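First up is the structure itself, then whatever we jot down about it.
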């Protein structure tokens, strides 16, 4: 097969690839990062590059106009090399906004009455071993075990080969006085050796652990002193896998490609290990001082982290490879902490209800309340749990990334330059908006899209079906390249030098996302015979509730029309649940119990979901009686 030279403008060297190689694959070989939020399916248009010269074949030109193609633009994930090629890579989107979870460490307090001697599985034990003599030639490991058994009552201790190789020198460096770090996960009768340090470490010295939430969009890490329960620092970063897919389905598809699974694993491990490094720098500790990690995440994220094939998750009958993962050593997982540190991936429930939800239920207290409660964690996926301390049912709906800025032409993540709030004048149809970081806007993020949709509906810019009213006496409404649209900001007002708009196609994507979420929790309520009006607590986890205006979310039919006092926005419940499990063996047991007793309902197999979804494709709903406060606002 013939080979061709591909030169990328931002790569130091050209690469040689065979005929038929995708430009995206050539870029990867050249060390060039090209975003592929749809997982390389050609749907998002974010991987567009400019072919300056050479021969390529475009499999798809979706989201490219004929003028774009004529100018040389191509989708890297859908364009193959058929000759020597020179390619220009446009600047990739840069995430600049400081993540909200990165500034809330002070809000995290240890559980009341936290007692590490009773609740923590990690033990630090100071030992003084008898010195070997010609009369006592007991081997080092037996001597260590015997002393531990006599002084601490541990009849059985397991160690890795790595620990055995180091033990003899450590005992002699400490002059037979050492400090052992043990994991007593299975109880005080047996233990696993994590580390042995020469000398006796003071009792007040911290022992470190990390709680990690692997979100589809964001990875959050808490660095915790296991003995005091105090969060020393908190760091967060966008999940590196975003470059290969913004939703779990796209990532599963990408992971099934040749080498895709390894790349996905490396991307998320890279993100986590960068956070570990940052947390250690802030705290001025070494990474190998971290001896325990608990991890929460949806089922796909956990599978991809561990390199377990995830393809079965998206294929009927939607079965995971594993929900209950045994504890693993950090070295085997790939975490840059102590090689023998305990890594506990928390238990999930089903293909689309993972440990982020079982941990979130614990964190929210849903499993301990007698109130009828609805817990929802909305990101690129929407996971929902309904119940109380007696019963729990769960489902998941594919909300998609529309409310995170993807699938909307001028949508963007919540970064600097994103419009995050919008108001429209009822008389003039002129908008007013607020931009993250100030200055000129570059696009609009999720909270802004929710506000914009509500304002457009209430002011008559769009009807209940999302159709733009082109008869209004304003130049803000017009027909653009993608059909009817509303201009949010004129070109001279933006950082892009072009108009920022929302089109009918964008609105349709948003309506589908909100309809999926609303249909999810209404079908879940109907499945147990309890109306939404009976919900006493509506618990919202994740970053979803951090910035959205509840009133606007109700007005578009995203949230139910309940008394405002029923809504409780809890922040990152998955990370909080992982933190509690890191500290408390009883909390960890509760998460196990939550996952075991949660009944999962597969919405794709239920016609009721399709009917509810269709009814919710309107603003706020086909049945306006479900939203009395919105009905009142419309009639005013």
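Counting the residues of the range 385-399 that are modelled with pLDDT under 80 and crowded, with 23+ Cβ neighbours inside 10 Å gives 1.
Checked against (1) exposed (fewer than 13 other Cβ atoms within 10 Å of the Cβ); (2) under 30 Å from residue 110 (Cα atoms); (3) modelled with pLDDT of 95 or more, residue 189 passes all but a single condition, namely (3).
Take the range 372-381 and flag every residue that is outside any loop (DSSP other than H, G, I, E, B) and under 21 Å from residue 245 (Cβ atoms). Give the derivation first.
First pass over the range 372-381, keeping only residues outside any loop (DSSP other than H, G, I, E, B): 373-378.
The answer is 377, 378.
Screening residue 604 against (1) part of a loop (DSSP other than H, G, I, E, B); (2) surrounded by fewer than 22 Cβ atoms within 10 Å (Cβ to Cβ) leaves a single unmet condition, (1). Filtering the range 344-361 to residues that are outside any loop (DSSP other than H, G, I, E, B) and farther than 11 Å from residue 302 by Cβ leaves 344, 350, 353, 357, 358, 359, 360, 361.
Restricting attention to the range 421-439, the residues that are free of Cβ contacts under 8 Å to residues at least 24 places away in the same chain and not in a loop (DSSP other than H, G, I, E, B) total 3.
For every residue, the table says whether it meets (1) more than 18 Å from the chain's Cα centre (by Cα); (2) crowded, with 22+ Cβ neighbours inside 10 Å; (3) assigned to a loop (DSSP other than H, G, I, E, B); (4) not assigned by TED's automatic domain parsing to the domain that holds residue 218.
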| site | (1), (2), (3), (4) |
| --- | --- |
| 309 | yes, no, yes, no |
| 316 | yes, no, yes, no |
| 321 | yes, no, yes, no |
| 325 | yes, no, yes, no |
| 332 | yes, no, no, no |
| 337 | yes, yes, yes, no |
| 370 | yes, no, yes, yes |
| 383 | no, yes, no, yes |
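Within the range 551-591, track down each residue that is within 22 Å of residue 369 (Cα to Cα) and over 24 Å from the mean Cα position of the chain (by Cα). Correct list: 560, 562, 563, 564, 565, 566, 585, 586. Criterion applied to 124, 152 was being under 18 Å from residue 163 (Cα atoms), touching a strand residue (DSSP E or B) at 6+ places or on another chain (Cβ under 6 Å) and either in contact (Cβ under 8 Å) with a residue 60 or more places away in the chain or assigned by TED's automatic domain parsing to the domain that holds residue 182 (or both), and the one residue passing it is 124. The strands (runs of 3 or more DSSP E) found entirely in the range 483-562 that carry 3 or more residues being touching a helix residue (DSSP H, G or I) at 6+ places or on another chain (Cβ under 6 Å) are 537-541. Among residues of the range 129-178 being at pLDDT below 95 and in a strand (DSSP E or B), the one that is surrounded by the most Cβ atoms within 10 Å (Cβ to Cβ) is 157.
The values are calculated or read from the model by the stated rules, or taken from the named source; none is laboratory data. Note that the structure is predicted; figures quoted are calculated from it, not measured. Note that we place each Cβ from the backbone using ideal geometry, even for glycine, and neighbour counts take in every protein chain shown.
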